[in-house]
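Following: one structure in structure tokens, then a few remarks.
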Amino acid sequence: MSTPKEQLDLFFALVGDVPLRDDRDAMSAPMVSLSKKPPAELNWTGPSGQQVKITATTGSSIATIYDFDVVIWAISQVNAAMERGREDPGPTITFRPYDLLRSIGRTTGGRDYELLKAAISRLRATRIETTIRRRAKDRMEDFNLLADASWEEDEKGRPLGMQITLPRWVYRAIQTRKDILAISPQYFELTGGLDRFLYRLARRHAGNGKDNPYGWAFSFRDLHSRTGSPAPYGQFARDLRKAIKRDALPTYTLYEEAGANGDPLLRLQYRRILLP
């Protein structure tokens, strides 16, 4: 039986269209695997000395960028509740699995519920150790991508209701409002892990085209490290060029440029619509 305080803290998910939001710091650093077959561990050191280490508890694997849809949905829910006047909805969300699946563009068959439970379990098991929000780069923050999760099932094992809790690291970003960014609903339509990463990176750094009219450029080698890709650099460079050719990102266009040191660059630029 929950206490009166816990009952007040419960937040029941909003139904219907909710504007999507993402954590800006998680958009440009590896915190999940782009591959559906993740490595056992990922490590990244950023250009300013930022550190990220991703591991998973024994018996699990690192969460994927597809699993992270659940976190994006949860961020969006809490943010929408705040924007609608609720002062402190809390980091714990109670919801129907059907509503979450529909919101992130998934189907709602029996296997989809099993995949959702597996995704939530991986998020719960994925541990992040990072300094990316600290000016003193030697101060580490340590959290899991979901702090808690539970669900009730019927006699056939189908989930009737679920509850997840965002980690404080993510919840603080929502509370400040400046540390989350709006993203396009078309994000969920991107099927490739690399395309998803590049969209989030573009949204984080190229923005709406006003502050950075020429977009933002990253070297291929920086992106190879930043994505945590286990592929050799040569294969990764070929994959990037395929992404440039696909030009599949909502709102943003990709260009290859020559870098000063011979390393090719990828420029992410806001796609301007030319009206007649």
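Okay, here's what the table says:
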{"quantity": "Potential lengthening between Asp179 and Thr94 on full extension [0.36 nm per residue; Cα-Cα distance subtracted]", "calculated": "28.2 nm"}
{"quantity": "Label-point separation, Phe143 to Glu83 (7 Å along Cα→Cβ), nm", "calculated": "2.1 nm"}
{"quantity": "Net lengthening on full extension, Arg24/Arg238 (0.36 nm per residue, minus Cα-Cα)", "calculated": "74.3 nm"}
{"quantity": "The chain - share of DSSP beta bridges that are antiparallel (%, nearest 5)", "calculated": "90 percent"}
{"quantity": "Assigned charges on the beta-carbon of Lys, Arg, Asp, Glu; the chain dipole about Cα centre (debye)", "calculated": "740 debye"}
{"quantity": "Under 5 Å, built H, 5+ apart or other chain: amide partners of Gly161", "calculated": "Glu152"}
{"quantity": "Alpha-carbon Rg with Dmax, taken over segment 136-189, Å", "calculated": "16.3, 52"}
{"quantity": "Whole-Hz ³J(HN,Hα) from phi, Karplus 6.51 cos²θ - 1.76 cosθ + 1.60, for segment 225-232, glycine and proline x", "calculated": "6, 5, 7, x, 5, x, 5, x"}
{"quantity": "Dipole in debye (nearest 20) - segment 1-119, about Cα centre, beta carbon charges: Lys, Arg +1; Asp, Glu -1", "calculated": "320 debye"}
{"quantity": "Among Thr126, Thr165, Thr107: highest mean-square fluctuation, GNM of the chain, C-alpha pairs under 10 Å", "calculated": "Thr107"}
{"quantity": "Mean shadow area of segment 63-141, taken as a quarter of the surface of its Cα convex hull (nm²)", "calculated": "6.7 nm²"}
{"quantity": "Positive-end residue of Ser225, Ser150, Gly16, charge dipole of the chain with Cβ unit charges", "calculated": "Ser225"}
{"quantity": "Base-10 log of normalised Debye intensity for segment 176-257 (one unit scatterer per alpha-carbon) at q = 0.12, 0.27 Å⁻¹", "calculated": "-0.35, -1.52"}
{"quantity": "Note, ³J(HN,Hα) from phi for segment 205-218, Karplus 6.51, -1.76, 1.60, rounded to Hz, x at Gly and Pro", "calculated": "9, 8, x, 9, x, 8, 6, 10, x, 9, x, 9, 10, 10"}
{"quantity": "Cross-link pairs beyond the 31 Å C-alpha cut-off, checked among Lys117/Lys210; Lys53/Lys117; Lys37/Lys210; Lys210/Lys245; Lys36/Lys210", "calculated": "Lys117/Lys210; Lys37/Lys210; Lys36/Lys210"}
{"quantity": "Environment charge of Lys53, counting only residues whose C-beta is closer than 13 Å and scoring Lys/Arg +1, Asp/Glu -1", "calculated": "-3"}
{"quantity": "Per residue Cα convex hull volume in Å³ - calculated over segment 4-182", "calculated": "134 Å³"}
{"quantity": "The chain: relative contact order as a whole-number percent, Cα under 8 Å and 6+ apart", "calculated": "20 percent"}
{"quantity": "Per-q log10 I(q)/I(0), segment 3-108, q = 0.18 Å⁻¹ (Debye; single scatterer per alpha-carbon; no solvent)", "calculated": "-1.01"}
{"quantity": "Segment 69-220: relative contact order as a whole-number percent, Cα under 8 Å and 6+ apart", "calculated": "20 percent"}
{"quantity": "For segment 15-52 versus segment 112-180, the gap between their alpha-carbon centres in whole angstrom", "calculated": "12 Å"}
{"quantity": "The chain, helix-only ellipticity at 222 nm - DSSP H runs n ≥ 4, -39,500 (n - 2.57), divided by all residues, nearest 500", "calculated": "-9500 deg cm²/dmol"}
{"quantity": "Segment 99-199 - convex hull of the alpha-carbon atoms, volume per residue in Å³", "calculated": "131 Å³"}
{"quantity": "Under the Karplus curve 6.51 cos²θ - 1.76 cosθ + 1.60, θ = phi - 60°, whole-Hz ³J(HN,Hα) for segment 154-163, x wherever Gly or Pro sits", "calculated": "7, 5, 9, x, 8, x, 8, x, 9, 9"}
{"quantity": "About the Cα centre, charge dipole magnitude for segment 84-165 (Lys/Arg +1, Asp/Glu -1 at Cβ), debye", "calculated": "440 debye"}
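Values quoted throughout were computed directly from the atomic coordinates according to the rules given, and no laboratory measurement underlies them. Treat the numbers as computed from the prediction; the structure is a model and nothing was measured. Note that we place each Cβ from the backbone using ideal geometry, even for glycine, and neighbour counts take in every protein chain shown.
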